[in-house]
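Asker: To start, I am sharing the structure in question, which I have written as structure tokens.
The values are calculated or read from the model by the stated rules, or taken from the named source; none is laboratory data. None of these values were measured; they are calculated from a predicted model. Virtual Cβ from ideal backbone geometry, glycine too; neighbours counted across all protein chains shown.
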Amino acid sequence: MKPGHYKTFSDCFRSFDAQKVSGLISQASSSEVQRALSKAGHCSVEDLAALLSPAAEPFLEAMASEANRLTRKRFGKTIQMFVPMYLSNECQNICTYCGFSLGNKIPRITLNKEQFLNEIEAVKKWGFEHILLVTGESHLVGMEYFLEMIPLARQHFAHVSIEVQPLEEKDYQKLHAAGVESVLVYQETYSEEAYSAHHTKGKKANFFNRLETPEKIARAGINKIGLGSLLGLSDWRTDAWFAGLHLVYMREKYWRSRYSLAFPRLQPAEGIVDPAVITTEKNLAQLICAYRLLDETVELSLSTRESERFRNHAIQLGVTTMSAGSRTDPGGYQTTETELEQFEISDERNPDEVANMLVKAGLEPVWKDWDQVISG
Ligand code: SF4
């Protein structure tokens, strides 16, 4: 049955046995990889298993070349730029990999309107027109707070994305009316076992609630939905495959929305676990190419978690969207202190430096995403 024919993504997800998927990936053959390569841009989830497999590693150069060709065909010589802004580090969940986790003894800060406007002033000077607003998951930063801050953000940015706690469909409708065009909600890991081990307290411990949230976002009419997993919590190949399945399900069923995929690797932060599984840069390059070969329309987003060297390379693989100059602490654009960071960033170049690198590579930095004016 096609993924989009299931009633919910939970039903689709339950129809696959994770161990069998893992076996399918590890046992894929060279000829299956070659067959997937011949279908580049329109691969099936079975082809994705081959492209993520160890058998695909000798084909990395061919995959990169196809990924680059498809990306330029669809997105031209452009990279979309956005800036994340952390509004609050309040959180009532325990996530073993996050600096904002409830048990961590850090000062808790939620920006008020004045602090938010100061942060906006600090990032606007770089030219950003696309902002990603991020908060922890707490009743202290709920709908009332979002509906106060989002219209302010809309006064200064053409495109507002959010990465906040999972909400209900009616809440997403209100946020859309207030100016939100994109919502990111990463599953972190698609392994139920690893998910339970890393989310030990709070609402986020509900695996299936998170799994079904992208559908609520789509039904609310949000323009773009961000999916992905945090690499390092479980086997990266299997997690990447399920994130791909999630994309295919969403694309088949909720075709009016656009989609982006992210593939952050677990980075160090105050009081967090080390990655259970290492994903190397070579693995990450393979994953990026595999996603592009799966879907030539999906946006692929790379954050400043990755090194300057890797990001310079990844823009030729299939990445379409990048953050730059990021701070991961509330109020971080006006201070040089870093003890409130959610995680450490790796690429510390400022946005001008990243833009210059793109121009030297023959690419044009685009500072805004879709404008609400265009969609009416
Ligand atoms: S990952 Fe999100 S939900 Fe988990 S502790 Fe960090 S901010 Fe809270």
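Asker: Considering (1) hydrophobic (A, V, I, L, M, F, W, C); (2) surrounded by fewer than 24 Cβ atoms within 10 Å (Cβ to Cβ); (3) at pLDDT 95 or above, say which one V319 fails and leave the rest.
Answerer: (2)
Asker: Answer yes or no as to whether A49 is more than 22 Å from the chain's Cα centre (by Cα) and in a helix (DSSP H, G or I).
Answerer: For A49, the condition - more than 22 Å from the chain's Cα centre (by Cα) and in a helix (DSSP H, G or I) - is not met.
Asker: Consider only pairs whose beta carbons are under 8 Å apart and that are at least six residues apart or on different chains; among these, list those whose first residue lies in segment 345-363 and is touching a residue at least 24 places away in the same chain (Cβ under 8 Å) and closer than 9 Å to E308 by Cβ and whose second residue is part of a helix (DSSP H, G or I) and of a type in the set (S, T, Y).
Answerer: none
Asker: For segment 299-332, enumerate the residues that are of a type outside the set (G, A, S) and touching a Gly at 6+ places or on another chain (Cβ under 9 Å).
Answerer: Scanning segment 299-332 gives E299, L300, T304, T328, D329.
Asker: Taking A194 as meeting all but one of (1) more than 16 Å from the ligand (Cβ to nearest atom); (2) within 22 Å of N93 (Cβ to Cβ), write down the number of the exception.
Answerer: The single condition A194 does not satisfy is (1).
Asker: If you go through segment 267-312 one residue at a time, how many are in contact with a Ser or Thr (Cβ under 9 Å, 6 or more places away or on another chain), assigned to a loop (DSSP other than H, G, I, E, B) and polar (S, T, N, Q)?
Answerer: Number of matching residues: 4.
Asker: For segment 197-207, what are the residues that are over 17 Å from V164 (Cα atoms) and more than 13 Å from the ligand (Cβ to nearest atom)?
Answerer: A197
Asker: Would you check which residues across segment 105-144 are surrounded by 14 or more Cβ atoms within 10 Å (Cβ to Cβ), among the basic types (K, R) and within 20 Å of E90 (Cα to Cα) and list them?
Answerer: Within segment 105-144, R108 is the sole residue that qualifies.
Asker: Another question about this same structure. Which one of these is of a type outside the set (K, R) and more than 22 Å from I120 (Cβ to Cβ): E163, E168, E148, E144?
Answerer: After applying the criteria, what remains is E168.
Asker: Still on this structure: Across segment 335-376, what is the total count of residues that are part of a helix (DSSP H, G or I), modelled with pLDDT under 90 and surrounded by 12 or more Cβ atoms within 10 Å (Cβ to Cβ)?
Answerer: Within segment 335-376, residues that are part of a helix (DSSP H, G or I), modelled with pLDDT under 90 and surrounded by 12 or more Cβ atoms within 10 Å (Cβ to Cβ) number 1.
Asker: With the requirement that a residue be crowded, with 20+ Cβ neighbours inside 10 Å and out of contact with any Phe, Trp or Tyr (no Cβ under 7 Å at 6 or more places or on another chain), what does segment 203-213 give you?
Answerer: Scanning segment 203-213 gives K204, T213.
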